[in-house]
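First up is the structure itself, then whatever we jot down about it.
The values are calculated or read from the model by the stated rules, or taken from the named source; none is laboratory data. Fair warning: this is a prediction, and the values are worked out from it, not measured in the lab. Cβ placement follows ideal geometry from the backbone for every residue including glycine, while neighbour counts extend to all protein chains displayed.
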Amino acid sequence: MSARNRWIMVGGFAWMVGCGTTTPENRPPAPAQPQPPASAAPAPAPPPASPAKATLFERLGGEPAVSAVVDAFLKNVATDKRINGRFINTDLARLRTLLIQFVSSATGAKVEYTGRNMQVTHAGLQIVDEEFDALVGDLVAALVKLNVPEAEKAELLGALGPLKAQVVSPPPVAETKHDPALAKQAEEIAAKLRAEGQGSLADVLETAVKARVRGQRTYAEQLFSAVEQQLPDGRLDTIALLFREGAPERITSALIQMPKDSAPQPKLAVGASDDEEKPQKPSRASLTGTLTADGGGGLLGVVTLDRVGGKSAARKPKKRIIEQRDRQFAPRLLAIPVGSTVVFPNFDPVYHNVFSVSPAKSFDLGIFKNGEAREVTFGKEGLIRLGCNLHSNMLAHVVVVASAHYVVTSPKGEFTFKNLPPGEYTARAWGENSSEPVSRTVTIHAGQNTWNVAVPRGSATSLGTDKFGVSRGDSGP
Ligand code: HEM
(Lines give C-alpha, C1' and ligand atoms only; values in the text may rest on other atoms or scores of the structure.)
Protein backbone atom coordinates (compact mmCIF):
# COMPACT_ATOMS: atom_id res chain seq x y z
CA MET A 1 0.00 0.00 0.00
CA SER A 2 1.29 3.49 -0.73
CA ALA A 3 2.25 5.92 2.02
CA ARG A 4 -0.95 7.86 1.30
CA ASN A 5 -4.09 7.12 3.20
CA ARG A 6 -6.81 5.40 1.24
CA TRP A 7 -10.21 4.32 2.36
CA ILE A 8 -11.53 2.46 -0.62
CA MET A 9 -10.86 -1.23 -0.50
CA VAL A 10 -7.62 -2.08 -2.24
CA GLY A 11 -7.80 -5.62 -3.58
CA GLY A 12 -10.73 -6.14 -1.23
CA PHE A 13 -9.32 -4.38 1.84
CA ALA A 14 -6.33 -2.92 3.52
CA TRP A 15 -5.38 -3.78 7.10
CA MET A 16 -4.86 -1.33 9.88
CA VAL A 17 -2.03 -1.89 12.32
CA GLY A 18 -0.29 -0.14 15.17
CA CYS A 19 3.21 -0.35 16.50
CA GLY A 20 4.81 -1.04 19.81
CA THR A 21 7.58 -2.80 21.59
CA THR A 22 7.50 -6.29 22.99
CA THR A 23 6.69 -6.53 26.66
CA PRO A 24 5.88 -9.64 28.64
CA GLU A 25 2.19 -8.67 28.30
CA ASN A 26 2.05 -8.46 24.51
CA ARG A 27 3.80 -11.72 23.78
CA PRO A 28 1.65 -14.37 22.12
CA PRO A 29 0.62 -17.29 24.33
CA ALA A 30 3.50 -19.68 25.04
CA PRO A 31 3.08 -22.95 23.16
CA ALA A 32 1.75 -25.75 25.39
CA GLN A 33 4.45 -27.92 26.99
CA PRO A 34 3.89 -31.51 28.21
CA GLN A 35 3.46 -31.35 32.04
CA PRO A 36 4.84 -34.04 34.44
CA PRO A 37 2.15 -35.65 36.66
CA ALA A 38 1.82 -34.01 40.11
CA SER A 39 3.41 -36.13 42.86
CA ALA A 40 4.55 -35.74 46.47
CA ALA A 41 7.24 -38.38 46.06
CA PRO A 42 10.87 -37.35 45.51
CA ALA A 43 11.57 -36.71 41.86
CA PRO A 44 13.12 -39.72 40.09
CA ALA A 45 16.49 -39.28 38.39
CA PRO A 46 16.00 -37.62 34.99
CA PRO A 47 15.95 -40.03 32.04
CA PRO A 48 18.84 -39.85 29.60
CA ALA A 49 18.48 -36.86 27.28
CA SER A 50 16.33 -37.67 24.25
CA PRO A 51 15.99 -35.53 21.13
CA ALA A 52 13.50 -32.67 21.83
CA LYS A 53 10.08 -33.02 20.17
CA ALA A 54 9.76 -30.76 17.16
CA THR A 55 7.78 -27.59 17.87
CA LEU A 56 4.50 -26.96 16.06
CA PHE A 57 6.35 -24.22 14.15
CA GLU A 58 8.87 -26.78 12.88
CA ARG A 59 6.19 -29.37 12.10
CA LEU A 60 4.23 -26.79 10.11
CA GLY A 61 7.30 -26.20 7.98
CA GLY A 62 8.97 -23.20 9.64
CA GLU A 63 8.94 -19.61 8.44
CA PRO A 64 8.06 -20.28 4.76
CA ALA A 65 5.00 -22.34 5.77
CA VAL A 66 3.78 -19.83 8.38
CA SER A 67 4.19 -17.00 5.85
CA ALA A 68 2.21 -19.00 3.28
CA VAL A 69 -0.59 -19.62 5.82
CA VAL A 70 -0.73 -15.91 6.72
CA ASP A 71 -0.80 -14.90 3.05
CA ALA A 72 -3.59 -17.35 2.22
CA PHE A 73 -5.50 -16.23 5.33
CA LEU A 74 -5.18 -12.52 4.43
CA LYS A 75 -6.35 -13.27 0.91
CA ASN A 76 -9.47 -14.95 2.30
CA VAL A 77 -10.18 -12.09 4.70
CA ALA A 78 -9.80 -9.57 1.85
CA THR A 79 -12.77 -11.04 0.02
CA ASP A 80 -14.84 -11.87 3.10
CA LYS A 81 -17.58 -9.25 3.20
CA ARG A 82 -18.47 -10.21 6.78
CA ILE A 83 -15.20 -8.75 8.08
CA ASN A 84 -13.13 -7.06 5.35
CA GLY A 85 -14.56 -3.63 6.28
CA ARG A 86 -12.67 -3.99 9.56
CA PHE A 87 -9.39 -3.52 7.72
CA ILE A 88 -10.20 -0.57 5.52
CA ASN A 89 -7.62 1.78 7.08
CA THR A 90 -4.64 -0.51 7.15
CA ASP A 91 -1.01 -1.00 6.37
CA LEU A 92 -1.22 -4.51 4.95
CA ALA A 93 2.54 -5.17 4.83
CA ARG A 94 2.86 -4.26 8.48
CA LEU A 95 0.02 -6.47 9.65
CA ARG A 96 1.40 -9.36 7.61
CA THR A 97 4.75 -9.02 9.38
CA LEU A 98 3.08 -8.86 12.80
CA LEU A 99 0.86 -11.86 12.12
CA ILE A 100 3.83 -13.95 10.96
CA GLN A 101 5.72 -12.99 14.12
CA PHE A 102 2.66 -13.70 16.27
CA VAL A 103 1.91 -17.14 14.81
CA SER A 104 5.60 -18.12 14.77
CA SER A 105 6.05 -17.19 18.40
CA ALA A 106 2.76 -18.88 19.46
CA THR A 107 3.86 -22.10 17.77
CA GLY A 108 7.22 -22.27 19.48
CA ALA A 109 9.65 -20.36 17.24
CA LYS A 110 12.23 -18.14 18.89
CA VAL A 111 10.79 -15.09 17.18
CA GLU A 112 10.03 -11.76 18.82
CA TYR A 113 6.48 -10.41 18.38
CA THR A 114 6.77 -6.60 18.13
CA GLY A 115 3.07 -5.64 17.97
CA ARG A 116 0.67 -4.57 20.68
CA ASN A 117 -0.99 -6.97 23.06
CA MET A 118 -4.26 -8.59 21.94
CA GLN A 119 -6.43 -6.71 24.42
CA VAL A 120 -5.18 -3.22 23.52
CA THR A 121 -5.18 -4.01 19.79
CA HIS A 122 -8.81 -5.11 19.76
CA ALA A 123 -10.15 -2.89 22.57
CA GLY A 124 -12.91 -0.60 21.43
CA LEU A 125 -13.40 -2.49 18.16
CA GLN A 126 -16.50 -4.12 19.72
CA ILE A 127 -15.90 -7.33 17.78
CA VAL A 128 -18.80 -9.79 18.03
CA ASP A 129 -18.76 -13.63 18.00
CA GLU A 130 -19.97 -13.70 14.41
CA GLU A 131 -16.91 -11.73 13.26
CA PHE A 132 -14.53 -13.86 15.31
CA ASP A 133 -16.02 -17.02 13.79
CA ALA A 134 -15.74 -15.54 10.28
CA LEU A 135 -12.04 -14.84 10.83
CA VAL A 136 -11.39 -18.32 12.20
CA GLY A 137 -13.25 -19.73 9.18
CA ASP A 138 -10.90 -17.80 6.88
CA LEU A 139 -7.92 -19.25 8.73
CA VAL A 140 -9.28 -22.81 8.55
CA ALA A 141 -9.87 -22.40 4.80
CA ALA A 142 -6.24 -21.26 4.41
CA LEU A 143 -4.95 -24.29 6.36
CA VAL A 144 -7.08 -26.66 4.28
CA LYS A 145 -5.93 -25.07 1.03
CA LEU A 146 -2.30 -25.55 2.05
CA ASN A 147 -2.93 -29.19 3.05
CA VAL A 148 -1.87 -28.69 6.66
CA PRO A 149 -2.39 -32.07 8.39
CA GLU A 150 -5.33 -32.44 10.81
CA ALA A 151 -3.16 -32.71 13.95
CA GLU A 152 -1.19 -29.52 13.25
CA LYS A 153 -4.35 -27.69 12.18
CA ALA A 154 -6.10 -28.61 15.44
CA GLU A 155 -3.04 -27.63 17.48
CA LEU A 156 -2.75 -24.21 15.82
CA LEU A 157 -6.45 -23.46 16.26
CA GLY A 158 -6.17 -24.67 19.84
CA ALA A 159 -3.36 -22.17 20.49
CA LEU A 160 -5.32 -19.22 19.03
CA GLY A 161 -8.81 -20.10 20.34
CA PRO A 162 -8.21 -19.03 23.96
CA LEU A 163 -7.41 -15.50 22.70
CA LYS A 164 -11.09 -15.01 21.91
CA ALA A 165 -11.74 -13.45 25.32
CA GLN A 166 -9.17 -10.73 24.54
CA VAL A 167 -10.53 -10.07 21.05
CA VAL A 168 -14.32 -10.23 21.33
CA SER A 169 -16.09 -7.42 23.25
CA PRO A 170 -19.62 -6.82 21.92
CA PRO A 171 -21.11 -3.33 22.30
CA PRO A 172 -23.61 -2.64 25.10
CA VAL A 173 -27.19 -3.44 24.04
CA ALA A 174 -28.18 0.23 24.56
CA GLU A 175 -25.94 1.17 21.62
CA THR A 176 -28.16 -0.74 19.19
CA LYS A 177 -30.88 1.92 19.60
CA HIS A 178 -31.29 3.77 16.29
CA ASP A 179 -33.87 5.28 13.95
CA PRO A 180 -34.96 2.43 11.59
CA ALA A 181 -36.24 4.96 9.04
CA LEU A 182 -32.71 6.41 8.72
CA ALA A 183 -31.22 2.92 8.40
CA LYS A 184 -33.68 2.18 5.60
CA GLN A 185 -32.78 5.46 3.89
CA ALA A 186 -29.07 4.57 4.11
CA GLU A 187 -29.76 1.16 2.53
CA GLU A 188 -31.64 2.86 -0.28
CA ILE A 189 -28.69 5.16 -0.94
CA ALA A 190 -26.42 2.10 -1.02
CA ALA A 191 -28.72 0.39 -3.57
CA LYS A 192 -28.64 3.53 -5.71
CA LEU A 193 -24.82 3.63 -5.56
CA ARG A 194 -24.71 0.01 -6.67
CA ALA A 195 -27.05 0.75 -9.57
CA GLU A 196 -24.72 3.61 -10.58
CA GLY A 197 -21.79 1.18 -10.75
CA GLN A 198 -20.26 2.23 -7.41
CA GLY A 199 -20.37 -1.29 -5.98
CA SER A 200 -17.45 -0.99 -3.56
CA LEU A 201 -18.87 2.22 -2.02
CA ALA A 202 -22.26 0.49 -1.71
CA ASP A 203 -20.56 -2.44 0.08
CA VAL A 204 -18.92 -0.12 2.61
CA LEU A 205 -22.15 1.80 3.25
CA GLU A 206 -24.14 -1.42 3.69
CA THR A 207 -21.53 -2.71 6.14
CA ALA A 208 -21.76 0.62 7.99
CA VAL A 209 -25.54 0.23 8.36
CA LYS A 210 -25.18 -3.36 9.57
CA ALA A 211 -22.58 -2.32 12.14
CA ARG A 212 -24.77 0.59 13.29
CA VAL A 213 -27.77 -1.69 13.78
CA ARG A 214 -25.55 -4.07 15.79
CA GLY A 215 -24.51 -1.15 18.03
CA GLN A 216 -20.89 -1.03 16.77
CA ARG A 217 -21.09 2.75 16.54
CA THR A 218 -17.40 3.57 16.23
CA TYR A 219 -16.91 1.04 13.44
CA ALA A 220 -20.09 2.18 11.68
CA GLU A 221 -19.09 5.84 11.81
CA GLN A 222 -15.60 5.03 10.53
CA LEU A 223 -17.08 3.28 7.49
CA PHE A 224 -19.60 6.07 6.94
CA SER A 225 -16.76 8.65 7.02
CA ALA A 226 -14.90 6.57 4.42
CA VAL A 227 -17.87 6.70 2.05
CA GLU A 228 -18.44 10.39 2.79
CA GLN A 229 -14.87 11.16 1.74
CA GLN A 230 -15.62 9.68 -1.69
CA LEU A 231 -18.95 11.50 -1.99
CA PRO A 232 -18.35 15.02 -0.73
CA ASP A 233 -21.41 16.36 -2.59
CA GLY A 234 -23.66 16.30 0.49
CA ARG A 235 -25.84 13.41 -0.67
CA LEU A 236 -25.16 11.56 2.59
CA ASP A 237 -26.10 14.50 4.83
CA THR A 238 -29.61 13.21 5.50
CA ILE A 239 -28.31 9.97 7.02
CA ALA A 240 -25.34 11.41 8.95
CA LEU A 241 -27.36 11.47 12.17
CA LEU A 242 -27.76 7.68 12.05
CA PHE A 243 -23.99 7.42 12.51
CA ARG A 244 -23.05 10.57 14.43
CA GLU A 245 -25.80 11.14 16.99
CA GLY A 246 -24.27 11.43 20.44
CA ALA A 247 -20.71 12.17 19.23
CA PRO A 248 -19.07 15.44 20.33
CA GLU A 249 -19.27 18.63 18.24
CA ARG A 250 -17.72 17.97 14.87
CA ILE A 251 -15.03 20.38 13.67
CA THR A 252 -15.25 20.76 9.91
CA SER A 253 -12.92 23.74 9.40
CA ALA A 254 -10.80 23.73 6.23
CA LEU A 255 -7.87 21.31 6.40
CA ILE A 256 -4.41 22.78 6.94
CA GLN A 257 -1.61 21.40 4.73
CA MET A 258 1.53 20.71 6.77
CA PRO A 259 5.10 20.82 5.38
CA LYS A 260 6.09 17.23 4.49
CA ASP A 261 9.41 17.56 6.34
CA SER A 262 7.87 18.81 9.63
CA ALA A 263 10.23 17.84 12.45
CA PRO A 264 8.80 15.44 15.05
CA GLN A 265 7.40 17.02 18.23
CA PRO A 266 8.85 16.11 21.64
CA LYS A 267 7.31 12.81 22.74
CA LEU A 268 6.50 13.58 26.38
CA ALA A 269 5.48 16.93 27.89
CA VAL A 270 5.55 20.55 26.70
CA GLY A 271 4.57 23.79 28.43
CA ALA A 272 6.17 26.05 31.04
CA SER A 273 5.42 29.70 31.79
CA ASP A 274 9.12 30.30 32.54
CA ASP A 275 10.11 29.27 29.02
CA GLU A 276 7.41 31.22 27.25
CA GLU A 277 7.99 34.77 28.41
CA LYS A 278 11.29 36.34 29.46
CA PRO A 279 11.28 37.41 33.15
CA GLN A 280 10.90 41.18 33.68
CA LYS A 281 12.98 41.19 36.87
CA PRO A 282 15.86 39.08 38.25
CA SER A 283 14.67 35.98 40.09
CA ARG A 284 13.74 36.55 43.72
CA ALA A 285 12.52 33.06 44.50
CA SER A 286 12.41 29.62 42.93
CA LEU A 287 10.48 26.44 43.65
CA THR A 288 11.53 22.89 42.90
CA GLY A 289 9.77 19.68 43.80
CA THR A 290 8.55 16.25 42.76
CA LEU A 291 5.07 15.10 41.80
CA THR A 292 4.34 11.51 42.80
CA ALA A 293 1.36 9.15 42.90
CA ASP A 294 0.25 8.17 46.41
CA GLY A 295 2.53 5.32 47.46
CA GLY A 296 4.28 5.27 44.07
CA GLY A 297 6.92 6.86 41.88
CA GLY A 298 7.12 10.13 39.96
CA LEU A 299 4.42 11.20 37.51
CA LEU A 300 4.38 13.14 34.29
CA GLY A 301 2.04 16.02 35.12
CA VAL A 302 1.43 19.74 35.52
CA VAL A 303 1.85 22.10 38.47
CA THR A 304 0.27 25.58 38.58
CA LEU A 305 0.65 28.47 41.03
CA ASP A 306 -1.79 31.35 41.68
CA ARG A 307 -1.00 34.24 44.06
CA VAL A 308 -3.38 34.21 47.04
CA GLY A 309 -5.14 37.58 47.13
CA GLY A 310 -2.64 39.01 44.67
CA LYS A 311 -2.86 39.74 40.98
CA SER A 312 -0.77 38.11 38.31
CA ALA A 313 -1.09 38.91 34.65
CA ALA A 314 -2.55 36.00 32.69
CA ARG A 315 -0.27 34.45 30.08
CA LYS A 316 -0.81 35.20 26.42
CA PRO A 317 -2.48 32.48 24.31
CA LYS A 318 -0.03 30.31 22.39
CA LYS A 319 -0.08 28.21 19.24
CA ARG A 320 1.10 24.64 19.83
CA ILE A 321 1.18 21.29 18.03
CA ILE A 322 0.11 17.79 19.06
CA GLU A 323 0.94 15.47 16.19
CA GLN A 324 -0.13 11.93 15.40
CA ARG A 325 3.03 10.06 14.47
CA ASP A 326 3.82 6.34 14.71
CA ARG A 327 0.27 5.85 16.04
CA GLN A 328 0.99 7.95 19.11
CA PHE A 329 0.27 11.53 20.10
CA ALA A 330 3.36 13.73 20.55
CA PRO A 331 3.66 15.38 22.95
CA ARG A 332 1.40 13.29 25.12
CA LEU A 333 1.00 16.11 27.66
CA LEU A 334 0.63 19.78 26.77
CA ALA A 335 0.06 22.70 29.15
CA ILE A 336 -1.26 25.90 27.54
CA PRO A 337 -2.80 29.19 28.68
CA VAL A 338 -6.54 29.75 28.18
CA GLY A 339 -7.29 30.90 24.63
CA SER A 340 -4.43 28.93 23.04
CA THR A 341 -4.81 27.01 19.79
CA VAL A 342 -3.50 23.50 19.16
CA VAL A 343 -2.87 22.16 15.66
CA PHE A 344 -3.35 18.40 15.25
CA PRO A 345 -1.43 17.16 12.18
CA ASN A 346 -1.48 13.54 11.03
CA PHE A 347 1.96 12.24 9.97
CA ASP A 348 0.97 8.58 9.70
CA PRO A 349 0.11 6.56 6.59
CA VAL A 350 -3.25 5.67 8.20
CA TYR A 351 -6.17 7.86 9.24
CA HIS A 352 -6.73 8.99 12.82
CA ASN A 353 -9.80 10.50 14.45
CA VAL A 354 -8.83 12.83 17.30
CA PHE A 355 -11.61 13.52 19.80
CA SER A 356 -12.36 14.60 23.35
CA VAL A 357 -15.42 13.96 25.49
CA SER A 358 -14.02 16.01 28.40
CA PRO A 359 -16.44 18.65 29.73
CA ALA A 360 -13.78 21.42 29.48
CA LYS A 361 -13.70 20.97 25.68
CA SER A 362 -15.41 18.21 23.77
CA PHE A 363 -14.85 17.94 20.03
CA ASP A 364 -14.51 15.53 17.11
CA LEU A 365 -11.90 16.38 14.46
CA GLY A 366 -13.08 13.74 11.99
CA ILE A 367 -10.60 11.93 9.77
CA PHE A 368 -7.84 13.46 7.66
CA LYS A 369 -4.87 12.02 5.88
CA ASN A 370 -1.10 12.19 6.15
CA GLY A 371 0.21 15.78 5.94
CA GLU A 372 -3.13 17.37 6.86
CA ALA A 373 -4.25 19.00 10.10
CA ARG A 374 -7.14 20.68 11.87
CA GLU A 375 -6.87 23.02 14.83
CA VAL A 376 -8.83 23.65 18.02
CA THR A 377 -8.90 26.72 20.30
CA PHE A 378 -9.21 25.99 24.02
CA GLY A 379 -11.17 28.85 25.62
CA LYS A 380 -11.80 27.40 29.06
CA GLU A 381 -9.55 26.28 31.90
CA GLY A 382 -9.59 22.51 32.48
CA LEU A 383 -8.18 19.07 31.83
CA ILE A 384 -8.87 17.52 28.44
CA ARG A 385 -8.27 13.86 27.67
CA LEU A 386 -7.59 13.23 23.96
CA GLY A 387 -8.16 9.95 22.21
CA CYS A 388 -8.14 8.55 18.69
CA ASN A 389 -11.43 6.90 17.84
CA LEU A 390 -9.65 4.44 15.54
CA HIS A 391 -6.70 3.47 17.78
CA SER A 392 -7.55 2.93 21.43
CA ASN A 393 -3.90 2.84 22.51
CA MET A 394 -3.49 6.54 21.66
CA LEU A 395 -3.86 8.87 24.64
CA ALA A 396 -2.80 12.45 25.41
CA HIS A 397 -3.83 15.28 27.72
CA VAL A 398 -4.13 19.02 27.25
CA VAL A 399 -4.14 21.05 30.47
CA VAL A 400 -5.56 24.52 29.87
CA VAL A 401 -4.41 26.87 32.62
CA ALA A 402 -5.57 30.30 33.72
CA SER A 403 -2.62 30.61 36.15
CA ALA A 404 0.31 32.94 35.51
CA HIS A 405 2.77 30.22 36.59
CA TYR A 406 2.65 26.68 35.27
CA VAL A 407 5.10 23.94 34.40
CA VAL A 408 5.07 20.35 33.15
CA THR A 409 7.12 17.81 35.07
CA SER A 410 9.78 15.39 33.88
CA PRO A 411 8.70 11.71 33.66
CA LYS A 412 10.13 11.32 37.17
CA GLY A 413 7.81 14.06 38.39
CA GLU A 414 10.49 16.75 38.86
CA PHE A 415 9.54 20.39 38.27
CA THR A 416 11.07 23.85 38.71
CA PHE A 417 9.72 27.40 38.71
CA LYS A 418 12.77 29.60 38.17
CA ASN A 419 11.35 33.03 38.88
CA LEU A 420 8.55 33.75 41.36
CA PRO A 421 7.68 36.78 43.48
CA PRO A 422 7.79 35.59 47.13
CA GLY A 423 4.37 35.23 48.80
CA GLU A 424 1.51 32.88 49.40
CA TYR A 425 0.26 30.73 46.48
CA THR A 426 -2.45 28.23 45.73
CA ALA A 427 -0.54 25.33 44.17
CA ARG A 428 -2.37 22.74 42.10
CA ALA A 429 -0.91 19.51 40.80
CA TRP A 430 -2.21 16.84 38.46
CA GLY A 431 -0.40 13.83 37.01
CA GLU A 432 -1.18 11.21 34.38
CA ASN A 433 -2.95 8.34 36.12
CA SER A 434 -3.87 10.56 39.07
CA SER A 435 -7.58 10.41 39.71
CA GLU A 436 -7.96 14.15 40.40
CA PRO A 437 -5.78 17.25 40.91
CA VAL A 438 -4.78 18.30 44.42
CA SER A 439 -4.73 21.88 45.69
CA ARG A 440 -2.60 23.24 48.58
CA THR A 441 -1.51 26.61 49.94
CA VAL A 442 2.25 27.04 49.60
CA THR A 443 4.39 29.87 50.98
CA ILE A 444 7.30 30.88 48.78
CA HIS A 445 10.18 32.64 50.54
CA ALA A 446 12.97 34.61 48.90
CA GLY A 447 15.62 32.20 47.58
CA GLN A 448 15.16 28.49 46.94
CA ASN A 449 12.02 26.61 48.02
CA THR A 450 10.97 22.95 47.82
CA TRP A 451 7.47 21.46 47.55
CA ASN A 452 6.92 17.76 47.04
CA VAL A 453 3.37 16.68 46.33
CA ALA A 454 1.57 13.33 46.13
CA VAL A 455 -1.68 12.98 44.16
CA PRO A 456 -4.30 10.19 44.45
CA ARG A 457 -3.54 7.26 42.20
CA GLY A 458 -6.06 6.57 39.41
CA SER A 459 -6.40 3.67 36.99
CA ALA A 460 -3.23 3.23 34.95
CA THR A 461 -4.80 0.68 32.62
CA SER A 462 -8.11 2.30 31.63
CA LEU A 463 -8.42 2.88 27.88
CA GLY A 464 -11.15 5.48 28.47
CA THR A 465 -14.15 5.66 26.17
CA ASP A 466 -14.74 6.01 22.47
CA LYS A 467 -16.25 9.24 21.15
CA PHE A 468 -19.75 7.99 21.89
CA GLY A 469 -18.80 7.61 25.54
CA VAL A 470 -18.71 3.79 25.47
CA SER A 471 -16.02 2.27 27.69
CA ARG A 472 -13.17 0.46 25.93
CA GLY A 473 -12.24 -1.51 29.02
CA ASP A 474 -8.61 -1.64 30.01
CA SER A 475 -5.28 -2.57 28.55
CA GLY A 476 -5.14 -5.97 30.21
CA PRO A 477 -2.81 -7.51 32.79
C1 HEM B 1 -7.29 -15.16 17.68
C2 HEM B 1 -7.72 -14.23 16.85
C3 HEM B 1 -6.90 -13.01 16.48
C4 HEM B 1 -5.55 -12.82 16.51
C5 HEM B 1 -4.46 -13.78 16.94
C6 HEM B 1 -5.31 -11.46 16.03
C7 HEM B 1 -4.05 -10.88 15.91
C8 HEM B 1 -3.82 -9.59 15.55
C9 HEM B 1 -2.53 -8.97 15.50
C10 HEM B 1 -1.21 -9.68 15.82
C11 HEM B 1 -2.69 -7.69 15.13
C12 HEM B 1 -1.61 -6.61 14.96
C13 HEM B 1 -1.36 -5.93 16.31
C14 HEM B 1 -0.88 -4.51 16.21
O15 HEM B 1 -1.44 -3.75 15.40
O16 HEM B 1 0.03 -4.13 16.97
C17 HEM B 1 -4.11 -7.48 14.91
C18 HEM B 1 -4.68 -6.30 14.51
C19 HEM B 1 -6.02 -6.16 14.19
N20 HEM B 1 -6.99 -7.12 14.31
FE21 HEM B 1 -6.77 -8.97 15.05
N22 HEM B 1 -6.50 -10.87 15.72
C23 HEM B 1 -7.50 -11.79 15.96
C24 HEM B 1 -8.85 -11.62 15.75
C25 HEM B 1 -9.41 -10.52 15.13
C26 HEM B 1 -10.80 -10.41 14.72
C27 HEM B 1 -11.88 -11.48 14.92
C28 HEM B 1 -10.93 -9.19 14.13
C29 HEM B 1 -12.17 -8.59 13.50
C30 HEM B 1 -12.89 -9.25 12.63
C31 HEM B 1 -9.65 -8.51 14.20
C32 HEM B 1 -9.39 -7.23 13.77
C33 HEM B 1 -8.18 -6.60 13.85
C34 HEM B 1 -7.97 -5.21 13.45
C35 HEM B 1 -9.02 -4.26 12.89
C36 HEM B 1 -6.61 -4.94 13.68
C37 HEM B 1 -5.90 -3.64 13.46
C38 HEM B 1 -6.09 -2.79 14.77
C39 HEM B 1 -5.40 -1.44 14.76
O40 HEM B 1 -4.57 -1.15 13.90
O41 HEM B 1 -5.69 -0.66 15.68
N42 HEM B 1 -8.75 -9.35 14.80
N43 HEM B 1 -4.77 -8.65 15.19
- Item | Residue that is small (Gly, Ala, Ser) and touching a residue at least 12 places away in the same chain (Cβ under 8 Å), where the choices are Ala254, Ala313, Ala263 | Ala313
- Search the stretch 107-120 for residues being more than 9 Å from the ligand (Cβ to nearest atom) and touching a Ser or Thr at 6+ places or on another chain (Cβ under 8 Å), and hand back the single one that is modelled with the lowest pLDDT. Gln119
- Please go through the stretch 343-352 and pick out each residue that is out of contact with any Cys (no Cβ under 6 Å at 6 or more places or on another chain) and outside any loop (DSSP other than H, G, I, E, B). Val343, Phe344, Pro345, Asn346
- Task: Name every residue in the stretch 132-159 that is of a type in the set (Asp, Glu) and in contact with a helix residue (DSSP H, G or I) (Cβ under 7 Å, 6 or more places away or on another chain), in order of residue number.
- Result: Asp138, Glu152, Glu155
- helices (runs of 4 or more DSSP H) completely within the stretch 145-202 that count 1 or more residues being surrounded by 13 or more Cβ atoms within 10 Å (Cβ to Cβ), without any contact (Cβ under 8 Å) to a residue 12 or more places away in the chain and not aliphatic (A, V, I, L, M): 180-195
- Item | Odd one out for Val213 among (1) modelled with pLDDT under 95; (2) more than 16 Å from the ligand (Cβ to nearest atom) | (1)
- Message: Residue under question is Lys81, and the condition is that it be away from the ligand (no atom under 11 Å from the Cβ), out of contact with any helix residue (DSSP H, G or I) (no Cβ under 7 Å at 6 or more places or on another chain), in a loop (DSSP other than H, G, I, E, B) and among the basic types (Lys, Arg); does it hold?
- Response: no
- Message: Which numbered condition in (1) over 21 Å from Thr409 (Cα atoms); (2) exposed (fewer than 14 other Cβ atoms within 10 Å of the Cβ); (3) among the hydroxyl-bearing types (Ser, Thr, Tyr) is the only one that Thr465 fails?
- Response: (2)
- Task: Would you check if there is a residue in the stretch 53-65 being near the ligand (Cβ under 10 Å from one of its atoms) and in a helix (DSSP H, G or I)?
- Result: no
- For Ser104, work out the one condition from (1) away from the ligand (no atom under 12 Å from the Cβ); (2) touching a helix residue (DSSP H, G or I) at 6+ places or on another chain (Cβ under 8 Å); (3) of a type outside the set (Phe, Trp, Tyr) it doesn't fulfil. (1)
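So that you can scan it fast, the table gives a plain yes or no per residue for (1) within 22 Å of Gly295 (Cα to Cα); (2) modelled with pLDDT of 95 or more; (3) not acidic (Asp, Glu):
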{"position": "Ser403", "(1), (2), (3)": "no, no, yes"}
{"position": "Thr409", "(1), (2), (3)": "yes, yes, yes"}
{"position": "Ser434", "(1), (2), (3)": "yes, no, yes"}
{"position": "Pro437", "(1), (2), (3)": "yes, no, yes"}
{"position": "Thr443", "(1), (2), (3)": "no, yes, yes"}
{"position": "Thr450", "(1), (2), (3)": "yes, yes, yes"}
{"position": "Arg457", "(1), (2), (3)": "yes, no, yes"}
- Message: Name the residue that is farthest from Ser105 (Cα to Cα), counting only residues in the stretch 121-145 that are at pLDDT below 95 and more than 8 Å from the ligand (Cβ to nearest atom).
- Response: Gly124
- Note on the structure: Pairing a residue in the stretch 115-127 that is of a type in the set (A, V, I, L, M, F, W, C) with any residue that is assigned to a helix (DSSP H, G or I) and more than 6 Å from the ligand (Cβ to nearest atom), where Cβ atoms lie under 8 Å and the two sit 6 or more apart in sequence or on different chains, gives Met118/Asn26; Met118/Gln166; Val120/Asn26; Leu125/Thr218; Leu125/Tyr219
- Of all residues in the stretch 376-435 being part of a loop (DSSP other than H, G, I, E, B) and among the aliphatic types (A, V, I, L, M), which is surrounded by the fewest Cβ atoms within 10 Å (Cβ to Cβ)? Ala402
